[in-house]
Amino acid sequence: MIRNLIGLFVIVVALVLGLAAYHLQSMKALTEQPTPFSHWEDERGTATVEEVVRTGSFLPVRKRRINFGYTESVHWFRFRLVADSLPEELTFEIRNHTIDHVELFAVRKEGITSTGKTGSRLPFAQRPSPTKTFAYLLNVESGQEVDYYLRLDKRYENLATELSLWQTTDFEDKEQREYLLWGIFAGVVGLMVVLAFLFFAATRDKVYACYGLYVLALALRQFADTGLGFQFLWPHHPTINHPDAVIMALWLYIPAMFQFQRYFLELPTTAPRLFWATRIVKYLFLSLFLSLLIAQAMGLTDTYTGSYRLVTQTHAVLANLAFLLFISSTIVGVRSNDTVKKLYGIGFGIQIFGQLFVYAQNLMRYQPDGVFFVDAYLILIVNFFIDLIIFAYLLAYRYRTSINQQRQLQLTLAQSGQQTNEAIIDVLESERQQVGNLILTDVGGRLADTRARLSGLAPNPLLTEALTLIDKTDDCLDQILRDGLPPDLTQKGLPAALAELVEQRAQTGPMQWIFTHKHDLEKATTPFSVMQTRQLYRIVNELINNVVKHAQAAEGRVFLTQTARDWQLTVSDNGRGFDTKRTDKDAGIGLKNIQARAQTLGATVQIKSGEGGTVVVVSG
């Protein structure tokens, strides 16, 4: 199993790295337009664009990624475009999609105009371009010189962003490539969720449903972090973006992960204290999520300026607690004697390492001019694919194991049922032999004595009729005794017992009977079990009785074939035949007994009948 998992891991990692390399290589040809930006901070947050244009306090921006940390100010940026030195169509991009209010002003000789007001607190339809980030299409006519002033309002929150100027064709190409990769990601997520719930429907094992919910929650966190969630999932509900949609997604992701760990690691039995701790924290996160939804619906998060700090600080405390519980769950998995749980612990440990990196980076990036290495969602995507490889393989392995266990249980139940049937048949056969002996010694003797005494009386019609009835009763007793099993059946074996039965019927009846036994002399054939011997003997006896009573045949044949893997028993006659379709609906007791006996052996019964006779084939 470990070897297969490593092989799958290598294949998926190679695939992910190949896609990443292709994306990076294709992006090299797409370059940003070099543009000098300058910045001014409006600490009061009340300055108008006319006042900003007149101020001379703008300072040049020297870093590509601008990070102000927590801010209570409105930030303005200025840049100048000259048509002679730039392409005709440009796109200005603000990469932070969570800024509350964004507005871009164009200052020309004719005056000041707004090119569009948008932001995460406004419906997505107000975006100047339908993209996951903020993008403005800029048109500068030949010979013109335009100053642009960008107003960013993200007060009482952390503000960090990048400003980029693209040739419009390059920007559209970049966006198409990114949306393609996110489409692949969404497709993989959808496939895994569908498979998880299909496994749950097939096995009723809750671990698969919890895994599906976990993947959905993780994908929701990714979409919230990139702006795709606002674009495709809640474009008409901007209140979800405030104070932080990513934190809201995490408040669903963490309970889903706890629930998955509960069933996968079987925490109620393997670690009861950890189970109760995760259960309490799980319900605490869900309660906070519902409370925040209610607060958003009531508009409290918009009116209370400290909502962002309150939510982020609460999340920081609970996230640290959840992180400790995740580490404990990892230790439980690694220390388990179950290989599947141990591999889960290792996989989840890798995920925790990635989360630690994101956490450390967030501590630094939200400080003014903090250090920033890579977008958090990229690290989490790598984590996601690691989860996808390890967890999905382990769940598939668990599914196969569950199916094998079910099959083994069904086989055990079938064997137990067969043993029970054999025991019941043994009891019935024993009772049948005892009844036969009683009939032979008691009833048969009484009939013989009665006939002898009646034979000494003077003949008369009533006496003659009584003697005839006694003879018929004696014939019926003989028939019952003939239907019984030979006492040495199991010692003789089925072929020898059938040969004797056929020979006896040929000698005592008007029909000619022939028995044939065919088996492979070079290969060893599987001997019949006691149950098979008894049931097949009964079947042949019943079929011979049916032929004698109903077929009006001159000849009958019994053919037994044995191979190393299976057997076949055929009884045929050259009688008048019967309608098999009618028999399927209104089968007599004899045929019903035959089919029931064959079913206990796991055998099939085929009946072919016509004017030339009847053939019954029992195969097993």
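The values are calculated or read from the model by the stated rules, or taken from the named source; none is laboratory data. Bear in mind the structure is a predicted one, so any value in this text is a computation, not a measurement. Counting neighbours? That spans all protein chains shown, and the Cβs are built from the backbone with ideal geometry, glycine included. Protein only, heavy atoms only, side chains kept; ligands, DNA and RNA dropped before computing areas. Shrake-Rupley method; radii C 1.70, N 1.55, O 1.52, S 1.80 Å.
Just a few scattered comments:
- When ARG576, ARG557 are checked against the criterion of being of a type in the set (D, E, K, R), part of a loop (DSSP other than H, G, I, E, B) and open to solvent by 40 Å² or more (accessible area, probe 1.4 Å), ARG576 stands alone in meeting it.
- Flag set for THR169, criterion: exposed (fewer than 15 other Cβ atoms within 10 Å of the Cβ) and either aromatic (Phe, Trp, Tyr) or over 33 Å from the mean Cα position of the chain (by Cα) (or both).
- Among the residues of the stretch 85-114, those identified as of a type in the set (Asp, Glu), part of a strand (DSSP E or B) and open to solvent by 20 Å² or more (accessible area, probe 1.4 Å) are GLU89, GLU103.
- Comparison of THR490, THR468, THR450 shows that the only residue that is more than 30 Å from MET531 (Cβ to Cβ), among the hydroxyl-bearing types (Ser, Thr, Tyr) and either at pLDDT below 75 or outside any helix (DSSP H, G or I) (or both) is THR450.
- Number of the condition not met by PHE323 [criteria: (1) surrounded by 16 or more Cβ atoms within 10 Å (Cβ to Cβ); (2) hydrophobic (A, V, I, L, M, F, W, C); (3) over 27 Å from the mean Cα position of the chain (by Cα); (4) farther than 24 Å from HIS97 by Cα]: (1)
- Among residues of the stretch 179-190 that are farther than 14 Å from LEU218 by Cα, those with a Cβ under 7 angstrom from a residue that is of a type in the set (A, V, I, L, M) and at pLDDT below 85, sequence gap 6+ or separate chain, pair up as LEU181/LEU19.
- Residue list for the stretch 525-549, filter: open to solvent by 10 Å² or more (accessible area, probe 1.4 Å), over 13 Å from LEU489 (Cα atoms) and touching a Leu at 6+ places or on another chain (Cβ under 8 Å): ASN546
- Close pairs (7 angstrom Cβ cut-off, 6 or more residues apart or separate chains): within 17 Å of GLU89 (Cα to Cα) in the stretch 151-178, of a type in the set (A, V, I, L, M) and surrounded by fewer than 17 Cβ atoms within 10 Å (Cβ to Cβ) anywhere: THR168/LEU137; ASP170/LEU30; ASP173/LEU30; LYS174/MET27; LYS174/LEU30
- Neighbours by Cβ (under 6 Å, 6+ apart or cross-chain): first from the stretch 94-108, within 20 Å of GLY45 (Cα to Cα); second among the charged types (D, E, K, R): ILE99/LYS154; ASP100/ARG121; ASP100/ASP153; ASP100/LYS154; HIS101/ASP153; GLU103/LYS117; GLU103/ARG151
- Residues being at pLDDT 80 or above, more than 17 Å from LEU560 (Cα to Cα) and open to solvent by less than 60 Å² (accessible area, probe 1.4 Å) - total across the stretch 506-524: 2
- When residues of the stretch 64-80 are limited to those that are out of contact with any Gly (no Cβ under 7 Å at 6 or more places or on another chain) and at pLDDT 90 or above, the one nearest to VAL52 (Cα to Cα): TRP76
- Any hit, the stretch 123-138, residues being more than 21 Å from ALA106 (Cα to Cα), at pLDDT 90 or above and of a type in the set (Gly, Ala, Ser): yes
- Options LEU310, LEU274, LEU292: the member that is open to solvent by 30 Å² or more (accessible area, probe 1.4 Å), out of contact with any Lys or Arg (no Cβ under 6 Å at 6 or more places or on another chain) and either in a helix (DSSP H, G or I) or on the phi < 0 side of the Ramachandran plot (or both): LEU310
- Scanning the stretch 145-172 for residues that are in contact with an Asp or Glu (Cβ under 9 Å, 6 or more places away or on another chain) and not in a strand (DSSP E or B) yields LYS154, ARG155, TYR156, THR168, THR169, ASP170, PHE171.
- Leading residue by the ranking (most open to solvent (accessible area, probe 1.4 Å)) among those in the stretch 115-140 that are among the charged types (D, E, K, R), part of a loop (DSSP other than H, G, I, E, B) and under 13 Å from HIS101 (Cα atoms): ARG121
- When the stretch 18-59 is filtered for residues that are assigned to a loop (DSSP other than H, G, I, E, B), at pLDDT 90 or above and within 25 Å of LEU90 (Cβ to Cβ), the ones remaining, listed by number, are PRO36, PHE37, PHE58.
- Residue list for the stretch 598-620, restricted to those being at pLDDT below 85 and either open to solvent by less than 60 Å² (accessible area, probe 1.4 Å) or at positive phi (or both): ALA598, THR600, LEU601, GLY602, GLY610, GLY620
- Here ALA256 does not fit the description of being in a helix (DSSP H, G or I) and under 15 Å from HIS315 (Cβ atoms).
- When TYR263 is tested against (1) more than 30 Å from SER402 (Cα to Cα); (2) open to solvent by 30 Å² or more (accessible area, probe 1.4 Å); (3) among the aromatic types (Phe, Trp, Tyr), only condition (1) is not met.
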